[in-house]
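Every read-out reported here was derived from the displayed coordinates using simple, explicitly stated rules and does not represent laboratory data. Remember, it's a predicted structure, so these values are computed and weren't measured experimentally. Using ideal geometry, Cβ is built from the backbone for each residue, glycine included, and neighbour counts are taken over all protein chains shown.
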Protein chains: 4
Amino acid sequence: MRILMIGDVVGSLGLKTMSVYLPKLNKLYSPDAIVVNGENAAGNGRGIGKAIAREMFELGVHCITLGNHAWGQAEVFDFIDEEQGIVRPANFPVGTPGQGFTVIPTQAGKLTVINLMGRTFMAPLDCPFRKMDEILEQVPTDSCILVDFHAETTSEKQALAWYLDGRVSAVVGTHTHVQTADERILSKGTGYLTDVGMVGPYDGIIGMERSAIIKRFLTQMPVRFSVAKGRCQFNAVLIDIDKQTKKAKHLKRIRIDEDTPLIS
Amino acid sequence: MRILMIGDVVGSLGLKTMSVYLPKLNKLYSPDAIVVNGENAAGNGRGIGKAIAREMFELGVHCITLGNHAWGQAEVFDFIDEEQGIVRPANFPVGTPGQGFTVIPTQAGKLTVINLMGRTFMAPLDCPFRKMDEILEQVPTDSCILVDFHAETTSEKQALAWYLDGRVSAVVGTHTHVQTADERILSKGTGYLTDVGMVGPYDGIIGMERSAIIKRFLTQMPVRFSVAKGRCQFNAVLIDIDKQTKKAKHLKRIRIDEDTPLIS
Amino acid sequence: MRILMIGDVVGSLGLKTMSVYLPKLNKLYSPDAIVVNGENAAGNGRGIGKAIAREMFELGVHCITLGNHAWGQAEVFDFIDEEQGIVRPANFPVGTPGQGFTVIPTQAGKLTVINLMGRTFMAPLDCPFRKMDEILEQVPTDSCILVDFHAETTSEKQALAWYLDGRVSAVVGTHTHVQTADERILSKGTGYLTDVGMVGPYDGIIGMERSAIIKRFLTQMPVRFSVAKGRCQFNAVLIDIDKQTKKAKHLKRIRIDEDTPLIS
Amino acid sequence: MRILMIGDVVGSLGLKTMSVYLPKLNKLYSPDAIVVNGENAAGNGRGIGKAIAREMFELGVHCITLGNHAWGQAEVFDFIDEEQGIVRPANFPVGTPGQGFTVIPTQAGKLTVINLMGRTFMAPLDCPFRKMDEILEQVPTDSCILVDFHAETTSEKQALAWYLDGRVSAVVGTHTHVQTADERILSKGTGYLTDVGMVGPYDGIIGMERSAIIKRFLTQMPVRFSVAKGRCQFNAVLIDIDKQTKKAKHLKRIRIDEDTPLIS
Ligand SMILES: [Fe+2]
Ligand SMILES: [Fe+2]
Ligand SMILES: [Fe+2]
Ligand SMILES: [Fe+2]
Ligand SMILES: [Fe+2]
Ligand SMILES: [Fe+2]
Ligand SMILES: [Fe+2]
Ligand SMILES: [Fe+2]
């Protein structure tokens, strides 16, 4: 099974960028499943609304994952319980709307997508390690398993990946909006990448307009952030999983921007 | 001018790994200056002692930068004030032992190396942005300038880099121990990489023994960390700077491990 | 000199509560100066507007101090530079609008009021300890000195108070909205109280409506906070300072609510 | 039922101070149960060892509660599972040694003591609110219930108290080492005090030697902390509970030091 996992899509520019490259990548790589982190897809970079989610599905996305900005748009509560293709962090408190994982049928078999959030320098959610133990008892045994671990620190991300090594097909990180260069397959077969990176403005600061963020650091005053404009970037990772063993066979990072254009 | 910037060297294994690859990289790339982050070079991964610093210089390192673990070894206070080749974060409080930047003579001209620490999720040091403004007034105008920004978040790293765009030759990040894949040259000529990555154990968690770290996440109990053993990795970045303009011309990431061996 | 220091006034109810008790306390205690923390005085509990500041001054307040919510109301920038009776944390970054301390003439002589913010679990401002050293060189030597240290932790508050012992008349804390019972005079004569407490709703959670705050803790979802309604409380401290030595002679805590009514 | 709840006992001086005042308070107030927070009772202020726990029980303590320093002494693991009179935070991860609550027989009936830890600015433990819901289903219905909520912020402490209002006899806070002046009985009968305060050095910073702590704030360097010496303080609260309703009838704060000596 081949999965195209796309990192945090930021703002309208992010959505537009995705719509430009997805067809090309589909042609180039023919993924069986497309998963995208949509926690910043709303126009202001916080959360996701119904129209945007629908647009993503129409572009061919099979599953949308979320993160700390899951509830950035109030309208999300109107559709998250009905939508089988959206997952929010599974370790949100018991009783939280939405689901933490979902099983997607693909032409290469079942794919379970699990969304999880870290706790270091983030909200005090339920333990992501123990939550994974719980979830793995419910996942169909004939399924490939992809974990989107939305977390801040490299140590928590690596720790979870090693904790799950051999028990899931791949663990990929999101949230920092910067792609890491450490793609690998761990000892027992789990594919790993600390962060997939983002999709959206290339010349912002993690996608947001620069001057406001710099002003915040300089003055420590409250500042209104908005999504940056201009040139764009696309970051993703292609994960090949062995159909028999459900282990990762290969990870290929994808980075597209003016400095590293897509050569197709 | 060509600089080889090497990320956080972790423990004895890190030092040994560096001693293995440095000669090969010297032969391959002939850098004019070698800079290495040494904040984790002590045997226990915290700080750096005199013998290790000396060994690094003997391996050909021109400058050692530090970070939040700067004071991990008490003996550092015995030599940091005398040692012109070591810099600790320049935004430590006024009166702190050691220096925040240094000017290194190379065969390609002067190189000023500045060490700086972020504040997001870290100690409340002096403002790194304002400190840079101060330092840049003292730096020789005929000098290339390399900033090692030891920080946790991608937003603070990108913000500082854009703040300094056109005013320094390059800003590279350290501290997360994971190399990022976003090397680029900003609009006004400053080279940038969010994190260089680490040198040392390949199968640890940011270089440390896995079971202790995982136990800590699972139990929230105090746990003794030690540097991991086994296979190793080497991460660095090669920065080419234009001698006339002092702007960056090219950045090349270097990642060496069993999955991505050095082909020389 | 007798100072009445009133803790964080929260919302319209806080202002009304202050207007009820201030005349009574004036009659009872005849303070020479009235200082009040106004960082939560706006209707929504964030910041302070011009009309409210004016109302406070008309009630007899001599000086308004602020804190982390200093910029909660955008209109504050319209008057903070002109208003001699308002101070914002002195360790905000250089260039911040407003002033960090002010000298108030009273019938018992000069009173310098300094506002300062802690950094533990708060924004990375300039060092409050060093900033005090700086300010104390500028304060008139024939002035009593009151420090409002707006900070989260007891350790940082106690540390600053001991650091300033004998150099200022009193250090009182604000920000936690709960009065502490540890009023005392330190070894060299500085009066100290870890927190003055708040003025406003008695049955809220630090002044805010309970259900929203509890929902936030339970669900970790974003929640809109508003100032609570109903019964009210008034917390302050009365500080007597020796005119000659400028040292504290006595601190008397004032707590007024239905459980501990004002007996006049 | 009358409970004497004593705040964080710090170091040997804390233990000695307790041994001085406990007999006097017993004579004065004749409590039915004595509960003490022992998380800092070891000589270095971190954790508690077997000998000290035994000494406390011999002084008449019925129950020892803990907090973030629960595991400060490695030997605690040797006896915590056997000791019915010690409780550690109940919301530590499932599988943690020790117990989160205990039922103590007193001459005035059963008393259940529950220890709980906050999460704001602390470790990401299980949700203390939900954990209380769980525990309250297991507590004997004919029992008075005392909660020691070891937490940093006033908002989390007040929130939990209001969440439990009418369901437990009293919620008292520990951890800040400073007694608050807000004792009260909430609307539905739960007694509440934000923090009980500490027992031990009076002239330290939250019980620790001042110069090291001030040096830490000034230099941001690692510093070795030790328990302060000299004069001492004793802080506690006396809680009267109605035997029939199990609701609080009265809370009386106790503060003893040279400025506020015990008058017996
Ligand atoms: Fe994101
Ligand atoms: Fe995020
Ligand atoms: Fe490091
Ligand atoms: Fe570091
Ligand atoms: Fe406040
Ligand atoms: Fe505040
Ligand atoms: Fe404590
Ligand atoms: Fe504690």
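For segment B:239-245, just list the computed ³J(HN,Hα) in residue order, Karplus coefficients 6.51, -1.76 and 1.60, θ = phi - 60°, integers in Hz, with x standing in for Gly and Pro.
10, 9, 10, 5, 5, 6, 7
With all pairs of different alpha carbon atoms counted, what Kirkwood hydrodynamic radius in Å does segment D:2-257 show? Walk me through the numbers before you get to the answer.
Details: mean 1/r = 0.0557 Å⁻¹.
Answer for segment D:2-257: a Kirkwood hydrodynamic radius of 18.0 Å.
May I ask which of A:LYS215/B:LYS157; C:LYS16/C:LYS50; A:LYS110/A:LYS131 have a Cα-Cα span longer than 18 Å here? Walk me through the intermediate numbers first.
Working: A:LYS215/B:LYS157 14 Å; C:LYS16/C:LYS50 16 Å; A:LYS110/A:LYS131 21 Å.
Beyond 18 Å between Cα atoms: A:LYS110/A:LYS131.
On the first, second and third principal axes, largest extent first, how far apart are the outermost C-alpha atoms of segment D:51-108 in Å?
34, 24, 18
In chain C, which whole DSSP H runs stretch at least 18 Å along their own axis (Cα) and average -0.5 or higher on the Kyte-Doolittle scale?
On the way: long enough: C:11-29 (25 Å, 0.14).
Qualifying helices: C:11-29.
Picking from B:ILE135, B:ILE145, B:ILE185, which is most flexible by a Gaussian network model of chain B using Cα springs under 10 Å?
In this elastic network of chain B, the residue with the biggest mean-square fluctuation among B:ILE135, B:ILE145, B:ILE185 is B:ILE135.
Determine the sum of side-chain charges near D:ALA228: Lys and Arg each +1, Asp and Glu each -1, restricted to other residues whose C-beta is under 11 angstrom from that of D:ALA228. Mind showing how you got there, number by number?
Working: positive: D:ARG210, D:LYS229, D:ARG231; negative: D:ASP203, D:GLU209.
With Lys, Arg at +1 and Asp, Glu at -1, the neighbours total +1.
If I take all pairs of Cα atoms in the protein assembly as shown, what percentage of them are more than 42 Å from each other?
Details: 238165 of 557040 pairs.
Counting every Cα pair in the protein assembly as shown, those more than 42 Å apart make up 43 percent.
With 14 Å as the cut-off, how large is the P(r) tail for segment C:20-85, expressed as percent of Cα-Cα pairs?
Details: 1217 of 2145 pairs.
Pairs farther apart than 14 Å: 57 percent.
Rounded to whole Å and ordered largest first, report the semi-axes of the equivalent ellipsoid of segment C:85-134 derived from its Cα gyration tensor (root of 5λ). It would help to have the intermediate numbers written out before the result.
Details: eigenvalues 106, 25, 16 Å².
After scaling each eigenvalue by five and taking roots: 23, 11, 9 Å.
Find the Rg to Rh ratio for segment B:192-264, where Rh is the Kirkwood radius over alpha-carbon pairs and Rg uses the same atoms.
On the way: Rg = 17.2 Å, Rh = 14.7 Å.
Reported Rg/Rh, Kirkwood definition of Rh: 1.17.
Sort segment B:1-147 into rounded, prolate or oblate with this rule: let a ≥ b ≥ c be the square roots of the eigenvalues of the Cα gyration tensor; rounded if a/c is under 1.5, and if a/c is not under 1.5, prolate when a/b is larger than b/c, oblate otherwise. Display every interim value, and only then the final one.
Numbers: a/c = 1.80, a/b = 1.12, b/c = 1.61.
Oblate.
Within 10 Å of each candidate Cβ there may be at most 15 other Cβ atoms; applying that plus a DSSP loop requirement, which trypsin sites (Lys or Arg not before Pro) in segment B:140-207 survive? Working shown, then result.
Values: sites: B:LYS157, B:ARG167, B:ARG184, B:LYS188; in loops: B:ARG167, B:LYS188.
Those that pass, being in a loop and sparsely packed, are B:LYS188.
Measuring label to label, 7 Å along Cα→Cβ, what does A:ARG231 give against each other copy in nm, shortest first?
The answer, with the shortest distance listed first, is 3.6, 6.4, 6.7 nm.
Can you pull the semi-axes for segment D:61-146, root of five times each eigenvalue of the Cα gyration tensor, sorted largest first, whole Å?
On the way: eigenvalues 90, 59, 21 Å².
Output for segment D:61-146: semi-axes of 21, 17, 10 Å.
Hey, could you pull the Cα Rg and Dmax for segment A:104-235, both in Å?
17.3, 54
Where is the GNM fluctuation largest for chain C (alpha-carbon springs, 10 angstrom cutoff): C:CYS127, C:CYS232, C:CYS144?
Checking each option, the largest mean-square fluctuation is seen for C:CYS127.
May I ask for the distance between the Cα centers of segment B:132-173 and segment B:1-58, given as a whole number of Å?
So the separation of the two Cα centres works out to 22 Å.
Report the rotationally averaged projected area of segment D:121-167 based on its alpha-carbon convex hull, in square nanometres.
On the way: hull surface 14.2 nm².
That works out to 3.5 nm².
Give the residue from B:LEU238, B:PRO140, B:GLY95 lying farthest towards the positive end of the charge dipole for chain B; charges sit on Cβ (+1 for Lys and Arg, -1 for Asp and Glu) and the dipole is referred to the Cα centre.
B:LEU238
Can you give the three extents of the C-alpha atoms in segment B:169-221 along their principal axes, from longest to shortest, in whole Å?
For segment B:169-221, the Cα extents along the three principal axes come out at 48, 21, 14 Å.
For peptide C:173-179, what's the mean number of Cβ atoms from other chains within 10 Å of each residue's Cβ?
Working: counts 1, 0, 1, 10, 5, 14, 4.
That works out to 5 on average.
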